[in-house]
Amino acid sequence: MKPIFKKLVTFLAVTFLIFSLLGVIGLFGAYAYLTPRLPEIDTLKDVKLQVPLRVFSKDGGLIAEFGEMKRIPLRYEQFPDYLIKAVLAAEDDRFFEHPGVDYQGILRAVFHLIRTGEKGQGGSTITMQVARNFFLSREKTYLRKLNEIFLALKIEKELSKEDILTLYLNKIYLGKRAYGFAAAAKVYYGRNLSELTLPELAMIAGLPKAPSRYNPVVNPERAEIRRNYVLGRMYALNYIDKAQYESALQDDVHAVVHGLALDLKAPYVAEMVRNEMVRRYGEKTYTDGYQVYTTIDAPAQRGANTALRNALLAYDRRHGYRGIEGHVEVDTAEDDFEAWNAALADYSAYDSFAPAVVIALEEQAAWAWTRDRRLVYLPWEQLSWARKYIDDNHVGPELKKASDLLAVGDIIYTSPARRGCSWLAKKPTVSGALVSLNPDDGAIKALVGGFDFYASKFNRVIQAKRQPGSSFKPFIYTAALDKGFTTATIINDAPVVFDAPGLEDTWRPENYSGHFYGPTRLRQALIKSRNLVSIRLLRDIGIGYAVRYVTRFGFDRKGLPRDLSLALGSGSLTPLSLARGYAVFANGGYRPDPYLVDYILDSKGRVVWLAQPRQVCPSCSDAREAKAEARREASRGLSEEQRQAEKTARRQEKASQAEAARLARARFDALSEKDRQFALAGPPVIKPAPRVLEPRVAFLMNTMLRDVIRYGTGRRALVLRRKDLAGKTGTTNDQRDAWFSGFNRNVATIAWVGFDNPRPLGDRETGARAALPMWIDFMRVALKNEPESELEQPPGIVSVRIDAETGELAGPGSKNTMFEYFRTEHVPTRHAEDQPLQPDSPDMEPGSGDITEELF
């Protein structure tokens, strides 16, 4: 028996050696065959993870994120130590010891195959998972496994352990569209990775094995088992002590899916940025990790959101309650929370509005249960406004008690009020918009395009072309001042009738009050928004001249009517274009170009685009104008050939300036991050905004618009207790549009209220009532702690005492006098008693003036 046994052992040993040798030869053969076909590892050194587009405010507050994959790439040193230990404990505790392949794990997988005849999971290291996730499919074949092994060995030769682990921690899918552990922390716990506790870190560290099976939201029981396994492995490997282990085991599973945690609500801004980025970069916008920093000022944007919301709700409350959302039967005998929640399941919340079911009524109060499971109290102060809506001019009788309005079981909306109470609320049907610019460079400080972006993505700031009404009058007055009229010029405010082909048979414009005030100084006419003065003024300066003139404010000529109705703002403008026009008044006569995107970073934090806005630069403008005048003087004596040579030289100068700008841009892009930050903070390259108003004309208009707030239709803004505010109300025919357009030296803001499908807002819903409160609420925030800042008086302006009735110099017999500003060449030369008052023209008879005068 012994010789036979000895032969058998020898045979088995030889057979094992032969098969081992064949295995080694086969392995080397496979390595020699597969290695040349493996992908290059260099791509991992500069890997581009799919990262969503993120939009930020000027100060870095997150506004929006666009992209399918939620990912927040971090550097190795930014990952918490306990997370790294938890991942190693769960996935590959020998990661820092093996060369990319854990041979012990492979042997376990081989024994599993021999024992069961099935392929198993064993032996997959973190490096092998990186190889699979970046280069290979997830199918379980022997060839793929061999490729994975050889690729892992190759990766380990070219990358450090820390780099490999960083790729893994940023790349791995962890469920709920979260890629990488930083994103998972936000999704499951709503916090930064560095803020998670030990049991929370262990929970997400257990997800790579099976994100769906061990998802703590979908399968909390399995997730807890997996978390406890990870904690047990950490304890066994001495990563944590016994006290930490036992304490962590006691923690409940409390993960929930968290939506994107935004720092600032500005959805209309976000959509504008998204559209611009797609135009620039196409579909890569959503995956290449661009970070867009806007010009939005966070406090101002919050103020704009609140101001628009309050103004539209106030309008809605003035016009009555349009009824409950629905009704369900409620058992008042007991608190049936489940039934209340079920009744509200089909009603969604929006903004701060919460759907609720009325569960109890008092004499003059109500109690309701909201969808977010809160008991809210609605006192009479928040209910009594809700008289029945009849139409835009009529509401039902005054309410006496809560039961006149509500019944138990009614489905309503509520919104927060003061002292912990709630308003009875209804989503407004009226729309609004607000936009605010920095007059010096056109940077958009705040923008709200409507009440609810998710109900209507129509951005009224840039898409709604509406009649500006009296808000347009300052541009007509500016054209008149530039043509030689003065702020004291007398125009007759009296009835006028025009033949109006294309409008009506005859056109009989009136003042809003229906009264006529006779001879009126231009300043007073603008303060009181006298329609008839504006019409006569436009007629005197000429429609063609006026249309050509106002285009210098940036208005599109196509949107301006070629008739006298232009004086009353019958053109079509967007709020943003009107804001640019008023910015010219604010900054002293320069036209800025509104812009929203300040700069764009790529996924590595490098600046790929930087705004170069046109900026107010009086010294630049003065130098340019002096140079142009010198050239004009020099060219007067030149021959045609010499003039052509001068033109060629100017073109070459412009081309050289453009090339210099291109080279400066290239140099900027080549800077290091540190130097680039210094460059961003350093002196900017000035691109001067064009001067479109003579400084003295701009100053005169500025003073007139300040008087609108001091003495006229904008007096409500005096509540802000500032002397540097200027602006103009705007109300169109039948109160279809209500505007307030105003500014100080540093902020130009437009507020608009109206229906998307134009119809009257209702009696007395003027710009001063519907839009001005929105402007006031916003400016209160935008100018908080800001010192007063008025436009400086330029040279060539003098203040003269005049007779308020005639606009002439005050004489000894003048009873009503005042000081008025004039350009030095336009100071009155006569005294009031030297000549009787002569209005510009008598009342016009039908047919004596044609509203469609010649343009040119």
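The values are calculated or read from the model by the stated rules, or taken from the named source; none is laboratory data. Source: prediction; values computed, not measured. All Cβ positions, even for glycine, are placed from backbone atoms using ideal geometry, and neighbour counts span all protein chains on display. When the accessible area is computed, the model is the full protein with side chains, heavy atoms only, and any ligands, DNA or RNA have been set aside. Shrake-Rupley method; radii C 1.70, N 1.55, O 1.52, S 1.80 Å.
Overview of values
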| read-out | value |
| --- | --- |
| Cα-Cα over 21 Å, subset of LYS70/LYS604; LYS284/LYS465; LYS48/LYS457 | LYS284/LYS465; LYS48/LYS457 |
| Difference of contour (0.36 nm per residue) and Cα-Cα distance, ASN275 to SER212 | 19.3 nm |
| Segments 818-830, 783-795, 538-550 sorted - mean Cβ within 10 Å per residue, highest first | 538-550, 818-830, 783-795 |
| Rounded accessible area of THR125 (nearest 10 Å², 1.4 Å probe) | 0 |
| Inter-probe distance in nm under a simple model that places probes 7 Å from Cα toward Cβ, at ASP540 and HIS515 | 2.3 |
| Per-pair calculated FRET efficiency, R0 = 56 Å: SER403 and ASN192 via Cβ, rounded to 0.05 | 0.65 |
| Summed residue charge, Cβ within 10 Å of ALA210's Cβ, Lys/Arg positive, Asp/Glu negative | +4 |
| Rounded to the nearest 10 Å², the accessible area of SER603 at probe 1.4 Å | 60 |
| Label-point separation in nm, ASP346 to ALA360, each point 7 Å along Cα→Cβ | 2.8 |
| Table column - 3J(HN,Hα) (Hz), segment 279-288, Karplus curve with 6.51, -1.76, 1.60, x for Gly and Pro | 4, 7, 10, x, 5, 5, 3, 8, 10, 8 |
| Estimated Rh, segment 753-802: Kirkwood, alpha-carbon pairs, angstrom | 15.0 |
| Potential extension, THR551-LYS58 segment - 0.36 nm per residue separation minus Cα distance | 174.4 nm |
| Accessible-area order (highest first, 1.4 angstrom probe) of the listed residues TRP385, TRP752 | TRP385, TRP752 |
| Simple spin-label estimate for SER247 and ASP331 in nanometres, 7 Å along Cα-Cβ | 4.6 |
| Mean Cβ neighbour count within 10 Å, used as a protection proxy, ranking 58-68, 760-770 highest first | 760-770, 58-68 |
| Cα shape, segment 170-225, gyration tensor, a/c 1.5 rule | oblate |
| With every protein chain in place, segment 342-468: carbon and sulfur % of accessible area (1.4 Å) | 49 |
| Fraction of accessible area attributable to carbon and sulfur, segment 174-273 (%, probe 1.4 Å) | 48 |
| Using a Förster distance of 35 Å, the FRET efficiency for ARG710-ALA314 (Cβ separation, nearest 0.05) | 0.90 |
| Peptide ranges 559-571, 423-435 listed from the most packed, as the mean C-beta count within 10 angstrom indicates | 423-435, 559-571 |
| Lys/Arg +1, Asp/Glu -1 at C-beta; segment 214-366 dipole; positive extreme among VAL217, HIS258, TYR347 | HIS258 |
| Segment 266-385: projected area of the alpha-carbon convex hull, averaged over directions, in nm² | 11.4 |
| Heavy atoms of LYS604 accessible to a 1.4 Å probe, total area in Å² rounded to 10 | 100 |
| LYS157/LYS604 FRET efficiency (R0 25 Å; Cβ-Cβ; nearest 0.05) | 0.50 |
